[in-house]
Amino acid sequence: MGMGAMTRTAGRQDADLLSSAAAGDEIAFRRIIAEHHEDVRRVCCAIAGDDGIADEAVQAAWVIAWRKLGKVRGPERLRPWLVSVAVKEVKQLLRKRKRRAEVEVAADAAPVPGGVDPATDAAALDLHAALARLAPDDAALLAMRYVAGFDSNELAVATGISPSGTRSRIERLLRKLREDLGDD
């Protein structure tokens, strides 16, 4: 079987899996979860900076995905759609948390004996702080690009912004982070 035939077969299998899950096939939906859960969770963790919030958002996203899977038009749109559903959930949870003023600082000041090089540790803390200062939409865009590895077309599907618009916005965000970190 040639490469083109294998790609068509895989595409047909993805389409069959999506339509089966959308029709209520729980086994097909579990296969979709198994395939995409880790990407969705990593993006949520990158946005939230908190495993608990990320896990809560991912769980809520899977419930929504189960109900609305029929809205996905084609298997190539599934991954960006799933991530965008989870991103909306994590941003909503972050807004709720901010409104409740439950701001938690997860920093352990105790050094690890013989542990990480303080310079490396400081750079990581600086980057984490700079990312935390970003608006949730900006953090989501960077997480989808660099954590989930979305290309500009997938970002366009997930965000509703054109591929060139997503590239421009990412360039501006990276410039802003570089300035914030003093890496001119």
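FYI, it's all coordinate maths here, none of it is from the lab. Quick caveat, the model's predicted, so the values are computed rather than measured. FYI the Cβ positions are ideal-geometry reconstructions off the backbone, even for glycines, and counts take in every protein chain you see.
I need the fraction of alpha carbon pairs in the range 20-99 separated by more than 14 Å, rounded to a whole percent. More than 14 Å apart: 58 percent of the Cα pairs in the range 20-99.
So between ASP51 and ASP25, what do we pick up on full extension, going 0.36 nm a residue minus the alpha carbon distance?
Answer, rounded to one decimal: 6.4 nm.
Applying the criteria of a DSSP loop state and at most 12 other Cβ atoms within 10 Å to the trypsin sites (Lys or Arg not before Pro) of the range 129-167 yields ARG133.
You can think of it this way: the chain between ALA34 and ARG175 has 47.2 nm of extra reach, that is 0.36 nm per residue less the Cα-Cα gap.
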